[in-house]
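First up is the structure itself, then whatever we jot down about it.
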Amino acid sequence: MDTFSKSDPGMAGTGPPSPLSLQFGRTEVIDNTLNPDFVRKFVLDYYFEEKQNLRFDVYNVDSKSCSIYKQDFLGQAFVALGEVIGSQRGRLERALTGVPGKRCGTILLLAEELSNCRDIVTMQLCANKLDKKDFFGKSDPFLVFYRSNEDGTTVKIDVYDWDRDGSHDFIGEFATSYRELSRAQSQFTVYEVLNPRKKCKKKKYVNSGTVTLLSFSVESEFTFVDYIRGGTQLNFTVAIDFTASNGMPSQPTSLHYASPYQLSAYALALKAVGEIIQDYDSDKLFPAYGFGAKLPPDGKISHQFPLNNNEDNPSCNGIEGVLESYLQSLRTVQLYGPTNFAPVINQVAGTAAQVTDGSQYHVLLIITDGVISDMLQTKEAIVTASALPMSIIIVGVGPAEFDAMEELDGDEVRVSSRGRYAERDIVQFVPFRDYVDDSGNQVLSMARLAKDVLAEIPEQLLSYMKTRDIKPRRAAPQ
């Protein structure tokens with residue numbers, strides 16, 4: 001953009017302030033180059049369950065000017081933070097657009113997780129010959145751990161006697177370090193408990209007992225982002241209720257009715273969840289099924305038919321492809337019943353069982369309008385699926401009572417079937433009506449729904465990995 005030299009590029013995210021965007025930060029300006037490597041980093045809070053849209057504007061900056069907004073615009077890129085996190089090794093390349101008739105170049109975005117130490121330390125200690133503090137009995141001791149310096153390498157430990165009235169008496173203290181504690185992995189370590197006041201008053205004072213460290217172990221705690229950056233893919237599957245209780249799709253009273261001005265509740269729930277999860281699926285191919293309908297030409301009832309009418313390959317291209325197949329199915333099948341979940345849960349569970357090494361994790365979204373008809377079979381399917389790398393999201397649409405569905409959401413009581421309990425809580429149920437915006441803002445309704453139903457997915461993925469002792473694969477160096 002300069003007449004006698006190359007551009008002096010700088011970058012701002014998300015650009016000039018507007019009602020719809022807020023500038024978060026700005027890079028340094030790099031002089032006379034077409035391939036700038038910006039050094040400045042930006043720290044963002046990351047939420048898996050939210051669509052965090054970012055815009056990057058690139059400018060050529062006149063070194064004599066203080067403001068980039070009066071300078072030459074080189075292009076811009078739009079991206080969701082989840083796309084960067086979900087890309088291979090947290091590295092995403094995106095073409096710059098915005099200058100008609102010109103190739104604007106590309107922007108390379110790198111993401112890495114910032115966190116404190118993830119080590120979890122487990123210690124076993126015992127004490128011997130502590131000072132007696134109770135008049136009619138022995139002491140009731142407990143330990144209090146303090147960090148003695150900023151980096152936490154030095155540890156101060158106080159020993160107290162607990163009284164039944166809630167108060168406590170000081171017995172003594174000792175100090176150690178992380179390095180010294182770690183030696184207990186190979187040998188016992190004995191610490192003298194000292195009371196400074198007694199030490200000053202009594203010449204023959206030795207100690208107020210001892211504390212022995214019997215064992216010490218360190219385990220690293222991995223995060224959701226560790227697994228995603230290590231290559232774990234989230235595979236998204238959709239199952240939609242085609243039972244007659246939804247009403248005729250051509251009628252405005254139907255839950256499947258889509259007017260020219262707004263999407264149906266089914267389509268809203270699908271977009272709300274799917275548009276976030278798709279950022280973590282590299283091929284963007286999503287199996288989509290319907291259940292509870294009579295299929296042409298013979299009117300056979302199916303509880304697991306592909307929305308794209310392809311038995312060999314039920315995957316649709318992107319969330320828009322799922323929506324197109326869903327709307328097409330509404331025009332070709334007859335809504336009927338009953339409402340059975342077990343067939344499609346077993347279908348996804350069968351796929352999940354084929355790869356259990358942590359490289360694949362499946363999320364099944366079931367959207368329904370009514371009370372489940374095969375509760376016993378569904379419970380059995382959920383118990384089986386709980387041992388596999390998968391989660392289930394159930395969204396209830398319409399005015400029906402969904403009390404029975406709460407039984408499948410194992411937040412309070414773990415789902416059981418024929419004496420077997422689910423290994424993990426893998427089901428999240430919510431009624432869509434709880435998230436509908438009073439003003440009719442569908443975007444806000446979708447954001448509220450996604451935030452709630454997806455919030456548990458990272459923990460559910462981590463619970464599976466932990467129970468199977470699966471560690472994230474190491475991302476290749478940048």
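The values are calculated or read from the model by the stated rules, or taken from the named source; none is laboratory data. The shown structure was predicted, so the numbers you read here are calculated from the model rather than taken from an experiment. Reconstructed Cβ throughout: ideal geometry from the backbone, glycine too, with neighbour counts over all protein chains shown. SASA here: full protein model, heavy atoms, side chains in, ligands and nucleic acids out. Shrake-Rupley method; radii C 1.70, N 1.55, O 1.52, S 1.80 Å.
Determine whether the stretch 115-132 contains at least one residue that is at pLDDT 85 or above, at positive phi and of a type in the set (D, E, K, R).
Looking through the stretch 115-132, at least one residue is at pLDDT 85 or above, at positive phi and of a type in the set (D, E, K, R).
Show the residue pairs meeting these rules: Cβ distance below 9 Å; 6+ apart or different chains; first residue within the stretch 179-195 and within 12 Å of residue 214 (Cβ to Cβ); second residue among the hydroxyl-bearing types (Ser, Thr, Tyr) and part of a loop (DSSP other than H, G, I, E, B).
As it stands, the answer is none, since no pair meets every condition given.
How many of the residues in the stretch 411-421 are open to solvent by less than 90 Å² (accessible area, probe 1.4 Å) and within 9 Å of residue 379 (Cβ to Cβ)? Full working, then the answer.
Applying the first criterion (open to solvent by less than 90 Å² (accessible area, probe 1.4 Å)) to the stretch 411-421 yields 411, 415-417, 419.
Among the residues that remain, those that are also within 9 Å of residue 379 (Cβ to Cβ) are: 415-417.
Going through the stretch 411-421 one residue at a time, the tally reaches 3.
Could you check the stretch 183-222 and list, in sequence order, the residues that are open to solvent by 30 Å² or more (accessible area, probe 1.4 Å) and part of a helix (DSSP H, G or I)?
183, 185, 196, 197, 198, 199, 200, 201
Sort out which residues of the stretch 382-410 are of a type outside the set (Gly, Ala, Ser), open to solvent by 20 Å² or more (accessible area, probe 1.4 Å) and farther than 25 Å from residue 469 by Cβ, and write them in order of number.
Of the residues in the stretch 382-410, the ones of a type outside the set (Gly, Ala, Ser) are 382-384, 388-390, 392-395, 397, 399, 401-403, 405-409.
Right, trim to open to solvent by 20 Å² or more (accessible area, probe 1.4 Å) and you get 384, 388, 399, 401, 403, 406-407.
Those that are of a type outside the set (Gly, Ala, Ser), open to solvent by 20 Å² or more (accessible area, probe 1.4 Å) and farther than 25 Å from residue 469 by Cβ: 399, 401, 403, 406, 407.
Applying the selection to the stretch 251-277, what residues are of a type outside the set (Gly, Ala, Ser), touching a helix residue (DSSP H, G or I) at 6+ places or on another chain (Cβ under 8 Å) and open to solvent by 20 Å² or more (accessible area, probe 1.4 Å)?
Of everything in the stretch 251-277, those that are of a type outside the set (Gly, Ala, Ser), touching a helix residue (DSSP H, G or I) at 6+ places or on another chain (Cβ under 8 Å) and open to solvent by 20 Å² or more (accessible area, probe 1.4 Å) turn out to be 255, 262, 263, 271, 275.
Hey, can you tell me all the residues within the stretch 426-474 that are touching a strand residue (DSSP E or B) at 6+ places or on another chain (Cβ under 9 Å), open to solvent by less than 100 Å² (accessible area, probe 1.4 Å) and either of a type in the set (Asp, Glu) or part of a loop (DSSP other than H, G, I, E, B) (or both)?
The answer is 426, 452, 454, 455, 456.
With hydrophobic (A, V, I, L, M, F, W, C), at pLDDT 95 or above and farther than 26 Å from residue 432 by Cβ as the only criterion, which of 295, 323 stands out?
295
Please specify each residue of the stretch 128-148 satisfying the condition of being open to solvent by 50 Å² or more (accessible area, probe 1.4 Å), in a loop (DSSP other than H, G, I, E, B) and closer than 28 Å to residue 178 by Cα.
129, 140, 148
Quick one: how many residues across the stretch 29-56 are open to solvent by 60 Å² or more (accessible area, probe 1.4 Å), of a type in the set (S, T, N, Q) and more than 22 Å from residue 272 (Cβ to Cβ)?
Counting residues in the stretch 29-56 that are open to solvent by 60 Å² or more (accessible area, probe 1.4 Å), of a type in the set (S, T, N, Q) and more than 22 Å from residue 272 (Cβ to Cβ) gives 2.
Residues checked against (1) of a type in the set (S, T, N, Q); (2) out of contact with any Lys or Arg (no Cβ under 6 Å at 6 or more places or on another chain); (3) without any contact (Cβ under 8 Å) to a residue 60 or more places away in the chain:
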site: 276; (1), (2), (3): no, no, no
site: 283; (1), (2), (3): no, yes, yes
site: 299; (1), (2), (3): no, yes, yes
site: 312; (1), (2), (3): no, yes, yes
site: 328; (1), (2), (3): yes, yes, yes
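Only residues that are touching a Phe, Trp or Tyr at 6+ places or on another chain (Cβ under 7 Å) and of a type in the set (D, E, K, R): list them for the stretch 127-157, please.
140, 156
Return yes when residue 24 is open to solvent by less than 40 Å² (accessible area, probe 1.4 Å), within 25 Å of the chain's Cα centre (by Cα), at pLDDT 75 or above and under 26 Å from residue 114 (Cα atoms) and no when it is not.
No; evaluated as a whole, the condition is false for this residue.
When you scan the stretch 70-92, how many residues do you find that are under 23 Å from residue 49 (Cα atoms) and either part of a strand (DSSP E or B) or open to solvent by 40 Å² or more (accessible area, probe 1.4 Å) (or both)?
9
Go through (1) under 36 Å from the mean Cα position of the chain (by Cα); (2) farther than 30 Å from residue 284 by Cβ; (3) among the aromatic types (Phe, Trp, Tyr); (4) at pLDDT 90 or above one by one and return the number of the condition residue 174 breaks.
(1)
Does residue 226 count as surrounded by 15 or more Cβ atoms within 10 Å (Cβ to Cβ), closer than 23 Å to residue 302 by Cβ and at pLDDT 90 or above?
Answer is no for this residue.
Mind counting the residues in the stretch 329-353 that are within 17 Å of residue 301 (Cβ to Cβ) and aliphatic (A, V, I, L, M)?
Qualifying residue count for the region: 5.
Cβ contacts < 6 Å: first residue more than 23 Å from residue 366 (Cβ to Cβ), restricted to the stretch 432-447; second residue among the charged types (D, E, K, R) and open to solvent by less than 70 Å² (accessible area, probe 1.4 Å), any location; separation 6+ or different chain. Result?
444/437
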